[in-house]
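None of the figures in this text is laboratory data; all of them are computed from the coordinates on show. Model, not experiment: these values are computed from the prediction. So basically every Cβ, Gly included, is an ideal-geometry build from the backbone, and we count neighbours across all protein chains shown.
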Amino acid sequence: MKKSLIATLVLLCAGQSVANEAAFYANADKQAEAPQAYALSEQNLAWLEQAHKQRAKDAVALVEVLKQDKDLYQALENWQSLSFEQRMALLPRVFEIECQTLGIVPPTLVINNTLYPSRAVNFVFDIRFPGSGLVYLNPDKLKDMEVYAPLAFLLHETRHAYQFQQANNQKSVLAKGYLAAFKTQSTLSGASFSDFLTLLNEYEAFQFGNHVLELITQGQFESPMMGTFASQFDDNNQLKIDLVSLNKHQHKGSVLSQFNQLMKAQYLLRYPEKAE
């Protein structure tokens, strides 16, 4: 199976320094190369509206099924009090339930420090030979990240398997968007933090994982590392940057330019030294 570019680029959202502004904000020229693949493209408004509804439905459904395993859900609610080893031991069961709830062929799940020793996480796919994919988590790397990172990335990478199978097995608006994103991602180079994370598949996978964690933690989950503000939720469980809303206010500028303006808050959150 051909190795994808995802793992290398996902490190951008997991702490790799991109303090240079050009490496952080969305780039209009880069996204113009494949507008159908990006959430900031005005042509994708219908996709965004459908994706938001599907994400919300799927996140609620997953949490409801997780609750049926009372011991597991209690452990998830008490995640912060668990040891790292106890947290990692829960992941295969969460993975099993997520695959079941999303109705997908389970991708291969690998949790070790040897398959990709330099990487923290990965969804491996080959756009030429569609399959179920491979979800990789590296405990050695995840141990040094924030407390919810193992669970957040498991939810995120497994959601990619759902997207990839949709992309290759359906002809819906959502499936076509995912296919465009995976195709673009498979050859992507020179992308900024925001370019990569506003690819439709990355944008939605972070949004999905973050929504699930919002529900499990009753709105207490907060992580500036898990996607852009367009994939994160505020204290009222609303998206910090709502791209559907930006599409309806283009008198204020393009969606991309409005997004970049609003992303200044996340830039300063990640790099507080830049505020000095």
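Please go through the residue pairs 30/240; 53/176; 143/240; 53/240 and name each one whose alpha carbons sit more than 19 Å apart in this structure. Present the calculation step by step, with values, prior to reporting the outcome.
Values: 30/240 24 Å; 53/176 17 Å; 143/240 28 Å; 53/240 17 Å.
Flagged as over cut-off: 30/240; 143/240.
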- Item | Estimated distance in nm for a label pair at residue 244 and residue 220, the labels positioned 7 Å out from Cα along Cα-to-Cβ | 2.9 nm
- Message: In the chain, if the dipole is taken from +1 on Lys/Arg beta carbons and -1 on Asp/Glu beta carbons about the Cα centre, which of 73, 145, 26 is farthest to the positive end?
- Response: 26
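Work out the FRET efficiency for residue 50 and residue 83 from their Cβ-Cβ distance, taking R0 = 30 Å, and round it to the nearest 0.05. Provide the component values of the computation, followed by the final result.
On the way: r = 40 Å, r/R0 = 1.35.
Rounded to the nearest 0.05, the efficiency is 0.15.
Quickly estimate the mean residue ellipticity at 222 nm for the chain, helices only: each DSSP H run with n ≥ 4 gives -39500 (n - 2.57), and the total goes over all residues, rounded to 500. If you can, show how the numbers build up before the last one.
Working: 13 runs with 142 residues, N = 276.
After summing the helix terms and dividing by residue count, I get -15500 deg cm²/dmol.
Taking 0.36 nm per residue of sequence separation and subtracting the Cα-Cα distance, how much length would be gained by fully extending the chain between residue 268 and residue 168, in nm to one decimal?
On the way: separation 100, 0.36 × 100 = 36.00 nm, distance 3.85 nm.
Full extension from residue 268 to residue 168 adds 32.1 nm.
Evaluate the Kirkwood expression for the hydrodynamic radius of the chain, namely the inverse of the mean inverse distance over all pairs of different C-alpha atoms, and round to one decimal in Å.
Values: mean 1/r = 0.0533 Å⁻¹.
Value: 18.7 Å, from the Cα pair sum.
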- Query: How would you rank 220-229, 50-59, highest first, on the average number of other Cβ atoms within 10 Å across their residues?
  - Reply: 220-229, 50-59
- Read phi for every residue in the stretch 125-133 and hand back ³J(HN,Hα) as whole Hz from Karplus 6.51 cos²θ - 1.76 cosθ + 1.60, θ = phi - 60°, with x for Gly and Pro. 9, 10, 5, 7, 10, x, x, 7, x
- Query: Order of 107-114, 203-210, 171-178, 255-262 by packing, highest average Cβ count within 10 Å first?
  - Reply: 203-210, 255-262, 171-178, 107-114
- Which of the aspartates and glutamates could a cross-linker span from residue 70 if the Cα-Cα distance has to be under 19 Å and same-chain partners fewer than 8 positions apart are dropped? 96, 98, 214
- Just how large is the dipole of the stretch 58-173 about the Cα centre, in debye to the nearest 20, putting +1 at every Lys and Arg Cβ and -1 at every Asp and Glu Cβ? 280 debye
- Message: Name the residue from 230, 255, 219 whose Cα lies farthest towards the positive end of the charge dipole of the stretch 212-259, charges +1 on Cβ of Lys and Arg and -1 on Cβ of Asp and Glu.
- Response: 255
- Item | Simple label model, 7 Å out from Cα along Cβ direction - residue 21 to residue 234, nm | 2.4 nm
- If each of residue 71 and residue 110 carries a label point 7 Å out from its Cα toward its Cβ, how far apart are those two points in nm? 3.0 nm
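How long is the gain from residue 275 to residue 189 if the chain were fully straight, where each residue apart is worth 0.36 nm and the alpha carbon distance is subtracted?
Details: separation 86, 0.36 × 86 = 30.96 nm, distance 2.91 nm.
Working it through step by step, the gained length comes to 28.0 nm.
Taking 0.36 nm per residue of sequence separation and subtracting the Cα-Cα distance, how much length would be gained by fully extending the chain between residue 140 and residue 29, in nm to one decimal? All intermediate terms of the calculation are to be shown ahead of the outcome.
Details: separation 111, 0.36 × 111 = 39.96 nm, distance 3.70 nm.
That works out to 36.3 nm of additional length.
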- Quick one: what are the phi-derived ³J(HN,Hα) couplings along the stretch 214-228, Karplus 6.51/-1.76/1.60 with θ = phi - 60°, whole Hz, x for glycine and proline? 4, 5, 5, 8, 6, x, 8, 6, 8, 8, x, 8, 8, x, 7
